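The values are calculated or read from the model by the stated rules, or taken from the named source; none is laboratory data. Since the model is a prediction, treat every value here as computed from it, not as a measurement. Every residue, glycine as well, gets a Cβ built from its backbone with ideal geometry; the counts of neighbours run over all protein chains shown. SASA here: full protein model, heavy atoms, side chains in, ligands and nucleic acids out. Shrake-Rupley method; radii C 1.70, N 1.55, O 1.52, S 1.80 Å.
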Amino acid sequence: MTDASVAASIAGWERPRPLSGRTALVTGGGSGIGAAVVRSLAARGAHVIVADIHRSSADELADEVGGSSWIVDLANPLALTDEVLQKACAGVDILVNNAGIQRINPIQDFAPADFRLILALMLEAPFLLTRAVLPHMYASGFGRVINVTSVHGIRASPFKSAYVAAKHGLEGLSKVTALEGGEHGVTSNCVSPGYVRTPLVEKQIADQALVHGIPESEVLSKIMLTESAIKRLVEPDEVGSLVAWLAGTEAAMVTGASYTMDGGWSAR
């Protein structure tokens, strides 16, 4: 065996690519959790479609991982016609519903337009995308629907009525997908992290400080991490690793589940 073949063999052993030949679509894939998921799936061999509203970040990451990009506003369900979705989702084996936003206000001050916006982006769009990818998954006998929900999919917090409602709804949608897809080789699961070190959470720190009337420096200790046994933010790569495992064949019997990654918050 030549030195080159030995090096190639070692490289292949170090970096197995169990998702080679698979196509994944990750919403909100241009930054934060989504970008970590994109990189994790691509490292395992998947061709990843980076779906994001921001063209520059989606195109840049798609180029980095050798994938492709889909520039789309998922908060506008009327634009997600069957024709658009069939084209964007053609051949998708792994769907990761990740895109999300946050608004923080007491219910009496919560703008109805913001409530509808969050449900459209974080519940209706995942339904439409799931609906679009299932025919191909059923026909091929393989599919993975992975919904990045949140600890707020199983717990509630004040001032987040729309976010909590959307995440609870997505947990339910995921379970129905699991029950319907099981006989077709399709699994559906949720990954439910606590607060992750992302731009979305960084913005929440400022919002929470304003709502609670405390300095931003005290938000993590007094608001965000009070229920967690592990007193730190979740890292995006940790979420990406779990999503990638759920996407593989090793997780073929895992469906209808919700994997918490919240430092013990939901153990209380």
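What is the residue count in segment 100-114 for residues that are touching a residue at least 24 places away in the same chain (Cβ under 8 Å) and either open to solvent by 50 Å² or more (accessible area, probe 1.4 Å) or basic (Lys, Arg) (or both)?
3
Would you confirm whether or not segment 187-197 contains a residue that is part of a helix (DSSP H, G or I) and either hydrophobic (A, V, I, L, M, F, W, C) or within 22 Å of Leu121 (Cβ to Cβ) (or both)?
no
Just to be sure I understand, how many residues within segment 196-225 are farther than 18 Å from Pro106 by Cα and under 24 Å from the mean Cα position of the chain (by Cα)? Break it down into steps so the answer makes sense when it comes.
As a first pass, look at segment 196-225 and keep what is farther than 18 Å from Pro106 by Cα: 196-202, 215-218, 220-222, 225.
Subsequent filtering for residues that are under 24 Å from the mean Cα position of the chain (by Cα) retains 196-202, 220, 225.
Result for segment 196-225: 9.
Mind telling me which of the residues Ala156, Ala209 ends up being more than 24 Å from Gly29 (Cα to Cα) and outside the structural domain of Ile33 (by the TED database)? It would help to see each step written out before you state the result.
Values: Ala156 fails: outside the structural domain of Ile33 (by the TED database).
Just a single option satisfies the conditions, and that option is Ala209.
Residues to consider are Ala247, Ala257; find the one that is open to solvent by 10 Å² or more (accessible area, probe 1.4 Å) and touching a strand residue (DSSP E or B) at 6+ places or on another chain (Cβ under 8 Å).
Answer to the selection: Ala257.
Kindly establish whether Leu119 is buried (at least 17 other Cβ atoms within 10 Å of the Cβ) and either free of Cβ contacts under 8 Å to residues at least 24 places away in the same chain or assigned by the TED database to the domain that holds Ile71 (or both).
So Leu119 fits the description; yes.
Determine whether segment 216-229 contains at least one residue that is outside any helix (DSSP H, G or I) and open to solvent by 70 Å² or more (accessible area, probe 1.4 Å).
Looking through segment 216-229, at least one residue is outside any helix (DSSP H, G or I) and open to solvent by 70 Å² or more (accessible area, probe 1.4 Å).
Hey, Cys89 hits all of (1) at pLDDT 95 or above; (2) open to solvent by 20 Å² or more (accessible area, probe 1.4 Å) but one; which does it fall short on?
Against the list (1) at pLDDT 95 or above; (2) open to solvent by 20 Å² or more (accessible area, probe 1.4 Å), Cys89 comes up short only on (2).
Looking at Val145, is it touching a Gly at 6+ places or on another chain (Cβ under 8 Å) and at pLDDT below 95? It would help to see each step written out before you state the result.
Working: touching a Gly at 6+ places or on another chain (Cβ under 8 Å): yes; at pLDDT below 95: no.
Against the criterion (touching a Gly at 6+ places or on another chain (Cβ under 8 Å) and at pLDDT below 95), Val145 does not qualify.
Being open to solvent by 60 Å² or more (accessible area, probe 1.4 Å) and either in contact with a helix residue (DSSP H, G or I) (Cβ under 6 Å, 6 or more places away or on another chain) or at pLDDT 90 or above (or both) is the filter here, so list the residues in segment 230-243 that pass it.
Within segment 230-243, Glu235, Asp237, Glu238 meet the criteria.
Counting only residues that are among the hydroxyl-bearing types (Ser, Thr, Tyr) and more than 21 Å from Leu80 (Cβ to Cβ), how many does segment 32-59 have?
The total comes to 2.
I'm trying to understand the selection: among the residues of segment 143-163, which are farther than 15 Å from Ser188 by Cα and part of a loop (DSSP other than H, G, I, E, B)?
Result: Ser150, Ile154, Arg155, Ala156, Ser157, Pro158, Phe159, Lys160.
Looking at segment 1-16, is at least one residue touching a strand residue (DSSP E or B) at 6+ places or on another chain (Cβ under 8 Å) and either at pLDDT below 95 or outside any strand (DSSP E or B) (or both)?
no
For the condition under 24 Å from Ala36 (Cα atoms), in contact with a Pro (Cβ under 8 Å, 6 or more places away or on another chain) and not small (Gly, Ala, Ser), what is the one hit in Val164, Val148, Val96, Val92?
Checking each option against the conditions leaves just Val148.
Let me spell it out: the conditions are (1) modelled with pLDDT of 95 or more; (2) under 17 Å from the mean Cα position of the chain (by Cα), and Ile101 meets all of them except one. Which number is the exception?
(1)
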